[in-house]
1. Within region 228-235, is there a residue that is surrounded by fewer than 12 Cβ atoms within 10 Å (Cβ to Cβ) and more than 18 Å from P152 (Cβ to Cβ)?
2. Name the pairs: first residue in region 143-162 and loosely packed, with under 11 Cβ neighbours inside 10 Å, second residue at pLDDT below 80 and among the acidic types (D, E), Cβ to Cβ under 6 Å, at least 6 apart or on different chains?
3. With respect to the numbered conditions (1) part of a helix (DSSP H, G or I); (2) free of Cβ contacts under 8 Å to residues at least 24 places away in the same chain; (3) not polar (S, T, N, Q), which one is the sole condition not fulfilled by P317?
4. Do any residues in region 263-286 that are in a helix (DSSP H, G or I) have Cβ atoms under 9 Å from those of residues that are surrounded by 11 or more Cβ atoms within 10 Å (Cβ to Cβ) and not polar (S, T, N, Q), where the two are at least six apart or on different chains, and which pairs are they?
5. When you scan region 456-471, do you find a residue that is more than 13 Å from H587 (Cβ to Cβ), modelled with pLDDT under 90, assigned to a helix (DSSP H, G or I) and not small (G, A, S), even just one?
6. Name the single residue that is surrounded by the most Cβ atoms within 10 Å (Cβ to Cβ) among those in region 502-536 being more than 22 Å from T567 (Cα to Cα) and free of Cβ contacts under 8 Å to residues at least 60 places away in the same chain.
7. Take the conditions closer than 30 Å to L207 by Cβ, touching a strand residue (DSSP E or B) at 6+ places or on another chain (Cβ under 9 Å) and crowded, with 16+ Cβ neighbours inside 10 Å and apply them to A291. Does it pass?
8. Kindly check whether there is at least one residue in region 169-181 that is assigned to a strand (DSSP E or B) and either within 27 Å of T239 (Cα to Cα) or in contact with a helix residue (DSSP H, G or I) (Cβ under 7 Å, 6 or more places away or on another chain) (or both).
Amino acid sequence: MSAILDRISERLGRSLPKLEAVLFPLHRSFTYRVGIVLILVMIAFVVRRLIGPDELGVPFLTFFPAAAISAVFGGFWAGMLATALGAITATYFFIPPYSMFSFAFRPETIFANMVYLLDEIVVCSAIAALHRFYRITKDQNAELNTLIQTIPDLIWLKSSEGIYLECNPAIEQFYGLRRDAVIGRTARDLFQGSVAESIHRQDEAALVTDGPCTTEGWVTRACDCHNVLLETTTTPMRTADGKFIGVLGIARDITERRHLEDEVRARTVELERERAFLTAIFEHTGDGILAVDGEGYIALANHEARRLLGIIEDNTPRRLAEFWPDWPAIASGAAERGEARHDIEAAGRVLALSVTRTGELSETRYVIVARDVSEEHRLADERRELDRQMFQMEKMATLGELTMGVAHEIGNPLAGMKAVAQSLQYEDDLPMGASESLQRLEAEIDRLGDFLHSFHGFAAPPRTHPVPCRLHDIVEDTLFWTRKEAVSHDVAIGLAIDKYLSVHADPNQIKQVLLNLVVNAIHAMPHGGALRIAAHNENNNVRIEVADTGGGIGTDVLPRIFDPFFTTRATGSGLGLAVVKKIVSEHGARIEVKSRSGHGTCFTLYWPAASMELPA
């Protein structure tokens, strides 16, 4: 049955176009459709009358062709109209008792006539379906043909023998050949030399791969004699059972695309080179560069930034606040002003940050440039210290010039006082103990003279005479002159010094140091307290501590206590600790101070120990 329908479809496909050319309006106009139905039914009626009643026993059979032809040219409903008219005509004119004519009729043929009527309906439906299929196929073929004719690509179809069966206008334009000159010929008939061989190899490649095969090649275009690059895809065509029937070829001019690809490739290489260059700059710059998103996660960091943060290269998302706790506050300031600069301390380093906000508010990003300025800060501190020392030296020089005159004026009365003390010692009727007091007075006058002479050191190189001396005796002598003042201030003095502990020092100068420290300690406790003096050996030095329980020294004052003329007491001169610092430095010793407001102060001296034993 399938084979029969295929044959009918094939024959209709060949015959209908010719009839359509003649009867074109019939399937376009309702009037013509009805007219052709009536004409065909009348022709069938006349034929049936001419045949007679005994030639064909089934009257419906006569009207079958009319209904079928109506279905072909008028569609399903035209066929049904012809079928209905034929049935009415046959029943009325050729089947008793309704017949107007005297034709013989056998009752047993009624069932057969009904079967024929149903067959006619089925046949009309089938013809109408074929008719619709034909029209759909025709429209699709027309659309496909329009597409093939208008597409700019070269399209052709070859038989299994390599003969061109079809080609589109792009082929004609490209090769300068007419369609009728191409159809029915092979590539070797149309082209010469390498072009024909190249096309032949493409067809063979499609057969070998048993699938689409794409090749590229330069071909001379006939219309302008330019060489163009064609991308050719050949696809073998096979029937459902795998039989090879031909080759479909599509070729496209990709010259411009190739030029663009080459430009893109060259540009890509250039961009990659620039990217590598910028990456090298980014990674090896001396500053740390980071990109941080709005949530504080580090999105990008160069080598220096990772070193400053101590990040090991991994893919773990890290928040910047893990390394810089102050980051939220810094980011807030940058978000408000667009940029911010901060100096922070992290991992023992001082970092100078330049933060810039980028992106919209909904997608805020921060770019951070971090520079390790620890060395710069250290050098700045050293410069400040050097400036301070230079200023100190200038003040000391000024002080020296001032005190040289003062010392000269005081020195003359001291000389007279010393002469009086010496002459009194030779008196015979001195009270008991007066001679010893006069000797101590003479010694103090000498010490005061040496002290005044030491002011010359602020302007001239100092002259010290360090010798081994017993520290206990020096401390006792110092306390002799300060004990009364300590008692008047209700200050208890505690002493913890070995009698045989010796230091290498100028006796008068170390006594001056201890005297200044003890007097300052007593003055720091106007309402009473405790003063403790202790000493012990520590490596090659003697550690001497002078500690009080006074009000202590404020942190803002502590760095300046050794500056000349700096004092917190209304009656102070500001020279005592400056002299102490100077004497300590001249002896190669050092002095440290620890103090807390409300908890007292402790001065610690590290004085070179004597290298020889003292006599008992």
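The values are calculated or read from the model by the stated rules, or taken from the named source; none is laboratory data. Owing to the predicted nature of the structure, the values given are computational and were not obtained by experimental measurement. Backbone-built Cβ (ideal geometry, glycine too); neighbour counts: all protein chains shown.
1. Of all residues in region 228-235, those surrounded by fewer than 12 Cβ atoms within 10 Å (Cβ to Cβ) come to none.
There is no residue in region 228-235 that is surrounded by fewer than 12 Cβ atoms within 10 Å (Cβ to Cβ) and more than 18 Å from P152 (Cβ to Cβ).
2. Qualifying pairs under 6 Å: none.
3. Answer for P317: the failing condition is (1).
4. F282/I289; F282/L300; F282/H303; E283/H303; E283/E304; H284/H303; H284/E304
5. Checked against the condition, which is being more than 13 Å from H587 (Cβ to Cβ), modelled with pLDDT under 90, assigned to a helix (DSSP H, G or I) and not small (G, A, S), region 456-471 yields at least one hit.
6. Among residues in region 502-536 that are more than 22 Å from T567 (Cα to Cα) and free of Cβ contacts under 8 Å to residues at least 60 places away in the same chain, the one surrounded by the most Cβ atoms within 10 Å (Cβ to Cβ) is I533.
7. Details: closer than 30 Å to L207 by Cβ: no; touching a strand residue (DSSP E or B) at 6+ places or on another chain (Cβ under 9 Å): yes; crowded, with 16+ Cβ neighbours inside 10 Å: yes.
In short, no.
8. From region 169-181, those assigned to a strand (DSSP E or B) are none; that's our starting set.
No, that holds for no residue.
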